[in-house]
There are 2 protein chains.
Amino acid sequence: MGFKIGLLGLGTVGTGTAKILLDPVQRHPLVKELELYRVGVKSLEKPRSLELPPEIVTTDLEAIVTDPAVDIVVEVIGGLEPARSLILKAIEHGKHVVTANKAAIARFGDEIFTAATKAGVYVLLEAAVGGGIPVIEPLKQSLCSNRINAVMGIVNGTTNYILTRMQNEGADFADVLADAQRLGYAEADPTADVDGLDAADKIAILASLAFGGRIKLSEVHCEGIRQISAADIAYAEKLGFVIKLIAIAKRDSQLSSELEQLQVRVHPTLVPKTHPLASVNDVYNAILIEGDPIGQVMFFGPGAGAGPTASAVVSDMLNIAAILKVERGNSKQANGTPLLDPLLACSHQHYCAIAPIAELSTRFYARFLTKDTPGVIGKLGTCFGNHEVSLESVVQTDVRGDVAEIVVVTHDVREGNFRQALAEIQAMDAIASIPSTLRAL
Amino acid sequence: MGFKIGLLGLGTVGTGTAKILLDPVQRHPLVKELELYRVGVKSLEKPRSLELPPEIVTTDLEAIVTDPAVDIVVEVIGGLEPARSLILKAIEHGKHVVTANKAAIARFGDEIFTAATKAGVYVLLEAAVGGGIPVIEPLKQSLCSNRINAVMGIVNGTTNYILTRMQNEGADFADVLADAQRLGYAEADPTADVDGLDAADKIAILASLAFGGRIKLSEVHCEGIRQISAADIAYAEKLGFVIKLIAIAKRDSQLSSELEQLQVRVHPTLVPKTHPLASVNDVYNAILIEGDPIGQVMFFGPGAGAGPTASAVVSDMLNIAAILKVERGNSKQANGTPLLDPLLACSHQHYCAIAPIAELSTRFYARFLTKDTPGVIGKLGTCFGNHEVSLESVVQTDVRGDVAEIVVVTHDVREGNFRQALAEIQAMDAIASIPSTLRAL
């Protein structure tokens, strides 16, 4: 009673996945029941680090997802197409699906899960967020009794590596990025990572699971780390913060539950040094979940890499196989469609309401270059006050010639108010420029 | 199609559990299908913070575990008896069981799981380790593709609170313990916590899950924190360590897989400040899991308390209910016993071999009080060398009159060799006493 696996893709993750299946010793006994039945690749000629029986390898990926013998299709080719079409066709043919593809799920999750619910199959995606760190399954299963209030984390290893090096070396973004690209920690086109798009995909997926509704990716507010300077990191350090790219999804507590909206956003953030996420460095990822009644729990580990990602992919396969064993032990329902495990399946269909970023209430950090006119701090303070922006600290430093640098940190304020104040301040004669504004936890 | 819950115990955890069931809004929809059907208490007269319909509350716990209508029995009375007998009777009557009882599972897990396998029911115990922190289910499900090499963690909040305060305040054990008792962080009889017995129960459970075999609790090496002094914490600090009570289960890498043995142990440990467990303070718990291919992942959160523990208890109920929905959607097997989900069930029956502590290979810290004879460091070094104990650092400090204090940290050495060297050193004329020896990560 084995389970036939159709593996789409034999890159780093696909190879890592196949290696686990071919080496079941000391793993859960169920691994032995997963049969690597078909492997779909782009080219049969490419040299591989893994030897597979040639008869199971094919370039015809569509033949795998339509093969009646295949039980579980594993999609690790990445990208939007043909991944989306292959996943949908696999579902249409009654296959369960395991995928590591955050980009496809964040964009096409609605049609994929609608199709899966209709077909009575599972689509599992632990590897899509946090590499091998268990976070999707804990949200679905171990924490399912909780009312989740917030999910936040460091979910992109490349930007965390860059920010950690900037912090440790006092270096500027462009220099560290170039070095990270040379070392293979950042891609030649770093857009998806450094502009926060990858993190946005991941927080959209986490928000959907945490709050039991669909998320429109276009409504996720997203800012990257290109504008972070060595100066900002140094000021943050002095004020007791580190700067991290944080992805956040939380219930907007200002609104009643009737009209509940979510905040879902990705941006560089000043994190207090005492916060559990502050000490997550280098390529590591961590996800913090706040729920009632659990309080705060955090999951920490390697957020990428062949091994960790393959760990999640194969674990998902095993979870499907385990449920199928329960099901197959019994006979099918009259209508032929098996009931899905309501914790593992994703059956929510409504879209969550996302609050506009102007409604956000948060602390801000801002840095101003001023012509050192006496009274400029007074003018700043008055203008902020007029817009109900109260200041937690104001630091004036580095007077050079007639230019001074002023850094302010606000209390929790409405983002819209802060932006209005900022627009007025920008127009002041005494203000030379506003090199940076950042949100703080 | 609801699920009838028989709750045994209405203390803090029982009350927290009932509160979740009575307040399902914004939780997983499946919570609404859990019906609080019977609640067993010791006394009907005791005032409660929770109002329950009087007809569901009873002092007849046995009537609950034998009631044909009950689907899931939740044991949160704690202690060994009558908890063990009630769990066994519930299983015998075909009930699934959820328990938070680490003491009963660590001692009677073999008979409980043998009975559960025979009866075809689940016994889930997420709350038994780490309070609400998901760790049991991630080990069973999210990490099931891995070959687990080590599980280690801070799994007792009371001792972590005491050690954190000793560290921060430079205070001695007895003073902090007394204050912790006054504040309710330590019990009047603190034995189970400060002598490491509670942590031993928990690591026995984790080891059993991680390595797929049963663990004899009597073979778990266990040392508590009573002998830790402010002086040791201060020396550890200088050498770059913090002292934590660490529970460890790992494969013994010195042996071939044919004769594989495990190390399972609890003891105060010097943890390098850069280690992820070093910054886990106060009553927080954290569990670090090392596996192939995942590498290291860590789970962090509140290790106790009504809310977190109830979160785990209700999540376990929901996981059982979810599987039952899949099962009930189909008809029973011919023989009447449903097949169990092989990831959620615990079906291993062999006992793991545990290596004797003398075979352990680890780093050691030792503090010696010496009569300040010239050449005493040479004598120590020679004696250690004769027993193949190589030293990483030797620090001589605090010469007061004719007494000096010497602290050594060794490289990884065999514990048996270290103890032999220590016995010889103890007999030296130049050595006044050896106030402490501790293992280091």
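Where a number appears in this text, it was derived from the coordinates with a stated rule and is not lab data. Just so it is clear, the structure is predicted and the values come from calculations on it, not from any experiment. Virtual Cβ from ideal backbone geometry, glycine too; neighbours counted across all protein chains shown.
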Per residue Cα convex hull volume in Å³ - calculated over region A:136-301: 119
For region B:1-152, size of Cβ-based charge dipole, Lys and Arg +1, Asp and Glu -1, in debye: 400
Selection from B:Ala358, B:Ala322, A:Pro24, by position along the positive dipole direction of the protein assembly as shown (Cβ): B:Ala322
Positive-end extreme of charge dipole, the protein assembly as shown - chosen from B:Ala204, B:Ile228, A:Ile5 (charges on Cβ): A:Ile5
Net charge contributed by nearby residues that have their C-beta within less than 10 Å of A:Thr373 (K/R +1, D/E -1): -1
Partner lysines for B:Lys371 [C-alpha distance under 20 Å; skip if fewer than 8 residues away on the same chain]: B:Lys379
Chain B: angle of helix B:83-92 to the longest principal axis, Cα-based, in degrees nearest 10: 40
Only Lys, Arg (+1) and Asp, Glu (-1) charged, at Cβ; chain B dipole about Cα centre in debye: 720
C-alpha long axis of helix B:376-386 to longest principal axis of chain B, angle in °: 60
Overall form of region A:358-440 per C-alpha gyration tensor (a/c, 1.5; a/b vs b/c): prolate
Note, ³J(HN,Hα) from phi for region A:113-125, Karplus 6.51, -1.76, 1.60, rounded to Hz, x at Gly and Pro: 6, 4, 5, 5, 5, 5, 7, x, 10, 8, 10, 9, 8
Chain B: relative contact order as a whole-number percent, Cα under 8 Å and 6+ apart: 16
Prolate/oblate/rounded label for chain A (Cα gyration tensor, a/c 1.5): prolate
Positive dipole terminus of region B:136-302, leading residue within B:Leu288, B:Asn146, B:Gly240 (C-beta point charges): B:Asn146
Long pairs among A:Lys4/B:Lys32; A:Lys32/A:Lys216; B:Lys19/B:Lys202; B:Lys216/B:Lys325; A:Lys250/B:Lys4, criterion Cα-Cα beyond 29 Å: A:Lys4/B:Lys32; A:Lys32/A:Lys216; B:Lys216/B:Lys325; A:Lys250/B:Lys4
Cβ-defined net charge surrounding B:Ala355, 12 Å radius [Lys, Arg +1; Asp, Glu -1]: -1
Cα gyration tensor shape for the protein assembly as shown, rounded if a/c is under 1.5, else prolate or oblate: rounded
In degrees, nearest ten, helix A:173-183 long axis to first principal axis of chain A (Cα): 30
Exam field: A:Asp172 pseudo-label spacings to other copies (7 Å along Cα-Cβ), nanometres: 5.8
Length-normalised contact order for region B:136-302 - Cα pairs under 8 Å, 6+ apart - percent: 33
Alpha carbon centroid spacing (whole Å) that separates region A:294-309 from region B:354-418: 38
Neighbourhood charge, 10 Å Cβ-Cβ cut-off, centred on B:Arg414 and excluding it, Lys, Arg +1 and Asp, Glu -1: -3
Taking region B:358-440 and dividing mean pair separation by its residue count, relative contact order in percent (alpha carbons under 8 Å, at least six apart): 49
Charge dipole (debye, nearest 20) of region B:284-441; +1 at Cβ of Lys and Arg, -1 at Cβ of Asp and Glu: 480
Euclidean distance of C-alpha centroids, region B:222-244 and region B:73-110, integer Å: 37
